[in-house]
Amino acid sequence: MPFLAKISNPRYLVPIVGVAAASIGLAYHYSTLTKISNESGITFKGDNEWVDLKLIKAIPLTHNTKHLIFKLKSEDDISGLVTASCLLTKFVTAKGNNVIRPYTPVSDPEQKGTIEFVIKKYEGGKMSSHIFDLKENETLSFKGPVVKWKYEPNQFKSVALIAGGTGITPIYQLLHEITKNPADKTKVSLIFGNVSTDDVLIKQEIDEIANKHKDQVKVTYFVDKKKDDEQWEGEVGYITKQFLEKELDKPSNEVKIFVCGPPGLYQAISGPKVSPTDQGELTGALAELGYSKEHVFKF
């Protein structure tokens, strides 16, 4: 089912404070592009070619967030992405400079004919501003896929997905991929932090998955603050070491923790990545709880 068809109430898709592009690096070595297939019916084959896609629908969600739907090469094409991967986007400035940034789609990899993104416009963000201001029937250049982590069913007994802000996009890819496969019995704990309740992205879709898979998926939302009269069933405050110690399975080869979010989240939870190809050392709460570098993947 197309991601768009699931959005019965667009108010659930709202802006976030994390910088999506920054969460997976502002620049990629083209060597990270993974060749997926040469067969027809796939738009992105990892062949290092830029593909111009037409924007066919732009749905305003808030004053600075849109749900964008691009048309693939053919209505029978799938994107060619796997979980978890992203695409590079490119446009040329008036001065002739290339601006290139990675973005993670929110649509299912098997969806035919279209690919979908939720984009927040950031002040001073060249690419986010360009994409946000695109008009329907205008085009944007894409290349990929860039595979970040090749997920396999039942790869681990349990996974913890820790996200902040726009870092939810690759995390949502994993959540969706695991739960759409009845043969995948992986237990999932999703921990999702935002500044306020108005900042929680794709909450409706996440809650739908959690309600459908109650024996497999547990979701905990954190917000830094909430309004005094606001009803909120999640946690208020930061994701703490004490909470993680209580929530996560003990370190083992059967457990994997995926982290994606703004710099502050990485600093507190896992330590930052050094580069797209260097995960860096594990520090922060997870290291203090006894997890090793092999137990954690940073998007």
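The values are calculated or read from the model by the stated rules, or taken from the named source; none is laboratory data. Nothing here was measured: the structure is a model prediction, and the numbers come from that model. Ideal geometry is used to build each Cβ from the backbone, glycine not excepted, and the neighbour counts take in all protein chains shown. Heads up: the accessible areas ignore ligands, DNA and RNA and are worked out on the full protein's heavy atoms, side chains in. Shrake-Rupley method; radii C 1.70, N 1.55, O 1.52, S 1.80 Å.
Applying the selection to region 50-73, what residues are at pLDDT 95 or above, assigned to a loop (DSSP other than H, G, I, E, B) and open to solvent by 40 Å² or more (accessible area, probe 1.4 Å)?
Scanning region 50-73 gives TRP50, LYS73.
Being within 23 Å of VAL223 (Cα to Cα), among the β-branched types (Val, Ile, Thr) and open to solvent by less than 10 Å² (accessible area, probe 1.4 Å) is the filter here; which residues of region 167-180 pass it?
Selection gives ILE168, ILE171.
Taking region 214-231, which residues are surrounded by fewer than 16 Cβ atoms within 10 Å (Cβ to Cβ) and of a type outside the set (S, T, N, Q)?
LYS214, ASP215, LYS218, ASP224, LYS225, LYS226, LYS227, ASP228, ASP229, GLU230
Which one of the conditions (1) under 17 Å from SER141 (Cβ atoms); (2) modelled with pLDDT of 90 or more does ALA84 fail to meet, given that it meets all the rest?
In the conditions (1) under 17 Å from SER141 (Cβ atoms); (2) modelled with pLDDT of 90 or more, ALA84 misses (1) alone.
Considering only residues that are of a type in the set (S, T, N, Q) and over 19 Å from ASP249 (Cα atoms), look in region 181-197 and name the one that is most open to solvent (accessible area, probe 1.4 Å).
Among them, the one singled out is ASN181.
In region 133-176, which residues are part of a loop (DSSP other than H, G, I, E, B) and hydroxyl-bearing (Ser, Thr, Tyr)?
TYR151
For region 253-268, give me the residue count where each residue is open to solvent by less than 40 Å² (accessible area, probe 1.4 Å) and without any contact (Cβ under 8 Å) to a residue 60 or more places away in the chain.
Selection size over region 253-268: 1.
Quick one: in region 123-164, of everything that is farther than 27 Å from ILE269 by Cα and of a type in the set (A, V, I, L, M), which residue is surrounded by the fewest Cβ atoms within 10 Å (Cβ to Cβ)?
Applying the filter and picking the extreme gives LEU134.
Under 9 Å by Cβ, and 6 or more places apart or on different chains, what pairs join a residue from region 121-142 that is closer than 17 Å to LEU72 by Cα with one that is in a loop (DSSP other than H, G, I, E, B) and open to solvent by less than 60 Å² (accessible area, probe 1.4 Å)?
Note: pairs meeting the criteria are LEU140/LEU134; PHE142/THR43; PHE142/PHE44.
Restricting attention to region 215-224, does a residue exist that is at pLDDT 95 or above, in a loop (DSSP other than H, G, I, E, B) and among the basic types (Lys, Arg)?
Among the residues of region 215-224, not one is at pLDDT 95 or above, in a loop (DSSP other than H, G, I, E, B) and among the basic types (Lys, Arg), which makes the answer no.
Out of GLU245, GLU288, GLU233, I need the residue that is among the charged types (D, E, K, R), modelled with pLDDT under 95 and more than 17 Å from PRO170 (Cα to Cα). Which one?
GLU233 is the lone residue from the list that is among the charged types (D, E, K, R), modelled with pLDDT under 95 and more than 17 Å from PRO170 (Cα to Cα).
Assuming GLY271 fulfils every condition listed in (1) at pLDDT below 95; (2) open to solvent by less than 60 Å² (accessible area, probe 1.4 Å); (3) part of a loop (DSSP other than H, G, I, E, B) apart from one, which condition is it?
(1)
May I ask you to verify whether THR240 is touching a strand residue (DSSP E or B) at 6+ places or on another chain (Cβ under 8 Å), polar (S, T, N, Q), under 17 Å from GLY261 (Cβ atoms) and at pLDDT 95 or above?
no
Scan region 117-139 for residues that are at pLDDT 95 or above and either more than 17 Å from ILE69 (Cα to Cα) or in contact with a His (Cβ under 9 Å, 6 or more places away or on another chain) (or both) and jot them down.
LYS126
Among the residues in region 198-212, are any in contact with an Asp or Glu (Cβ under 8 Å, 6 or more places away or on another chain) and open to solvent by 50 Å² or more (accessible area, probe 1.4 Å)?
no
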